[in-house]
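**Student:** Input: one structure, supplied below.
The numbers here are math on the coordinates, done by the rules we state, and not lab data. Because the structure is a prediction, the values reported are computed rather than measured. Using ideal geometry, Cβ is built from the backbone for each residue, glycine included, and neighbour counts are taken over all protein chains shown.
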Amino acid sequence: MKQRLRRARTALRRHLVLTVTAAVLLAAAVAAGAAEFSARAVIRNHVTKAAPGLGEDVAVGVPDDWALWDLARGSIPRLDISSDDARVGRLPQVRVRARLDDVRLGDGGAVGATHAEVTASTQSLATAIRTAVPAVQVSAVTTDPGRGTVLAAVGPGGAGQLTLRPVLKDGRVTLAVDGLTVFGRSVPTGRLGVGDGALGPEAGAPKEYPLGLKATSVRVRADGLHVDLAGGPAPLAGA
């Protein structure tokens, strides 16, 4: 009988030890997860201050999935940034995938190099045209990858066709007006109120892209515009 009691007590002690150990490990895991989440939030805040056009839907990733350690050191070898709600110039709700190398936080925060890919959908292009020429009704926007142009159906019932061509100059991308036709006949583009023949940056917009980025290529594809950007060493404002 006494031997059975000893065995029962031993088993109970082991159960209690295992239960306490599991609880401690669970609490540690929860605390570590919370700390990691907070670290990513801090890094994300630095990035969005430096590039506010990224919008609210921003995700931050680190190669080793351990941002807390990188934040503690104040140096991050690489950051992967993604947003599906960014704004680039007149273009809203664009998709951005960016890589930031050699990121340093704290006083004098900086980034060693940046590469980004921006995709502006046809819906984004339609919104940009409406913003640039509010008096013109835009019913639909399509692309012609073969000719490298953007086609906007404008006017009542889409009777007119506005042809735009992306232009890369001085590290920025603008949309040049190639022509306007109504019922198949050419019409002076001045009637749209586009004086310089291009849909350039909005008034008051920054003259440069954030993080020292400059556009290096632009392509017209079936789903919209695809722009590649690159930048060298640049300050990380707000770090």
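**Student:** What is the sum of charges, Lys and Arg at +1 and Asp and Glu at -1, for the other residues whose Cβ falls under 11 Å from the Cβ of L100?
**Tutor:** Spelling it out: positives minus negatives among the neighbours equals 0.
**Student:** Among 133-142, 87-96, how do they line up by average Cβ neighbours within 10 Å per residue, starting with the highest?
**Tutor:** Most protected by this proxy first, the peptides run 87-96, 133-142.
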